[in-house]
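A short write-up of the structure that comes next.
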Amino acid sequence: MSDYRTQITGLLPTADGRIPQWNVPDPLTDGGFVPFDGRTLRGPERHEVLLQAFAADRVPELRQWPDTEEAVETGRRVLGLAAAQLRVKPPESIVEWHFEDAPTGDAVNRLFVDAGLTGIDVRYTPAVVGE
């Protein structure tokens, strides 16, 4: 997962091997935050883009959504994260979720549509091989 997160976010692992996450304060909690895998500024206008990177092995059970209990439970967690990220993002910011695996990205897109959730740009971004 860390190689894919690095590819999407540009963040390198720290000395202990962890890749930092971008935390946005959550006004609905006492000192809490909502995590994103990273953040970038894009375009001449320098629009903030908040990033989430899903390597192929991160939520594979969603490929079976909504046909298995495991997929439904994972779908609930994914929807919870999505709703929290949309709640805390600055108004002009964009939220992008990148999926290494196209079928998982498609499943998450269907999950969002079925839940009536809008505001997250779901993208299939294959891993770069050989770098």
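The values are calculated or read from the model by the stated rules, or taken from the named source; none is laboratory data. Keep in mind that this is a model prediction, so the values were computed, not measured. Cβ atoms come from the backbone with ideal geometry, glycine included; neighbour counts cover every protein chain shown.
Surrounded by 16 or more Cβ atoms within 10 Å (Cβ to Cβ) and within 18 Å of residue 104 (Cα to Cα): does that describe residue 77? So residue 77 does not fit the description; no.
Taking the stretch 10-19 as the range and being over 19 Å from residue 42 (Cβ atoms), surrounded by 13 or more Cβ atoms within 10 Å (Cβ to Cβ) and either touching a strand residue (DSSP E or B) at 6+ places or on another chain (Cβ under 8 Å) or β-branched (Val, Ile, Thr) (or both) as the test, only 19 passes. Within the stretch 100-115, does at least one residue satisfy the condition of being touching a residue at least 12 places away in the same chain (Cβ under 8 Å) and part of a loop (DSSP other than H, G, I, E, B)? Looking for residues that are touching a residue at least 12 places away in the same chain (Cβ under 8 Å) and part of a loop (DSSP other than H, G, I, E, B), one finds at least one in the stretch 100-115, hence yes.
Quick check: anything in the stretch 35-56 modelled with pLDDT under 90 and surrounded by 15 or more Cβ atoms within 10 Å (Cβ to Cβ)? Give the derivation first.
Step one: filter the stretch 35-56 for residues modelled with pLDDT under 90, giving 56.
Add one more test, that the residue is surrounded by 15 or more Cβ atoms within 10 Å (Cβ to Cβ), and what stays is 56.
Yes, because at least one residue in the stretch 35-56 is modelled with pLDDT under 90 and surrounded by 15 or more Cβ atoms within 10 Å (Cβ to Cβ).
The requirement of being buried (at least 16 other Cβ atoms within 10 Å of the Cβ) and among the small types (Gly, Ala, Ser) is fulfilled nowhere in the stretch 111-126; no residue meets it.
The residue of the stretch 77-131 that is farthest from residue 64 (Cα to Cα), among those that are touching a strand residue (DSSP E or B) at 6+ places or on another chain (Cβ under 7 Å), of a type in the set (A, V, I, L, M, F, W, C) and modelled with pLDDT under 95, is 102. Listed here are the strands (runs of 3 or more DSSP E) enclosed by the stretch 1-80 that have at least 2 residues being aromatic (Phe, Trp, Tyr): 33-36.
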